[in-house]
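All of the numbers you see were taken from the coordinates with simple rules; none came from a lab. Note that the coordinates shown come from a computational prediction; the quantities given were computed from them, not determined experimentally. Heads up, the Cβs are rebuilt from the backbone with ideal geometry, glycines too, and the neighbour counts pull from every protein chain shown.
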Amino acid sequence: MTGPHPQPPSTDGDVERLAARARALAEGAPRTVIGLVGPPGAGKSTLTEALVGALGPDTAVLVPMDGFHLSNAVLESLGRRDRKGAPDTFDAAGYAALLRRLRAPGPDVVYAPSFRRDLEEPIAAGVAVPPTVPLVFTEGNYLLLDTPPWHQVRPLLDAAWYLQLDDGVRLARLIRRHIAFGKSPSAARAWAEGSDQRNAAAVTATAHRADLVVQL
């Protein structure tokens, strides 16, 4: 019988402090991959973009998990369009394959997909990762899931940082975001409190697998 999972150490969301931690992790390695994880609306993209900005484009690049969303057409064909954002609405195996490629930089630029919120679609080859960049950040909801095929991802991260934000603040942020991208206020609230919240519960249950909890 095992005891409770040990809690990962915590720190605050100060960008300079986290950038210094990332820089230290990357010292002496040809390529270091750091994953930022958290439930929908936790601020993963905002913090990761700030870290990349602080470190500079010669040092760090962001490769988002959201680039591996299945297209809306594929989701429609699978009957999953109304659950977009759930674990089975991504190409998790493809994401893991890209992480393997990024961990072993060769002579060529690696092109990774991005995600356009205004289109609600992934965009092929939206991010260029030069072979000389020593640090890759990747961010997303499901980097710490231990169910197939997501279980391939955690071993490919040199470090995983879990972002923790007050639930009320997070939900309010999600609702505003959904409205900004075209949902009515009632539809935005229904999605945030329904599909998003179910996904958030799955993500929160994986926090113990992180190396660091970042309080926002």
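Given R0 = 41 Å, the distance between the Cβ atoms of T59 and I123 translates into a calculated FRET efficiency of 0.95. Among A192, P107, Q152, flag the residue with its Cα farthest along the positive direction of the charge dipole of segment 16-215, charges on Cβ as +1 for Lys/Arg and -1 for Asp/Glu. Working it through, the farthest residue towards the positive pole turns out to be A192.
Here's the picture: charge each Lys and Arg Cβ at +1 and each Asp and Glu Cβ at -1 in segment 16-215, and of F137, M65, P87 the one pushed furthest to the positive end of that dipole is P87. Rounded to the nearest 20 debye, the dipole size of the chain about its Cα centre is 260 debye, using +1 on the Cβ of Lys and Arg and -1 on the Cβ of Asp and Glu. Taking 0.36 nm per residue of separation and subtracting the current Cα-Cα distance, fully stretching the chain between S45 and D167 would add 42.2 nm. Taking every DSSP bridge with both residues inside the chain, close to 25 percent are antiparallel.
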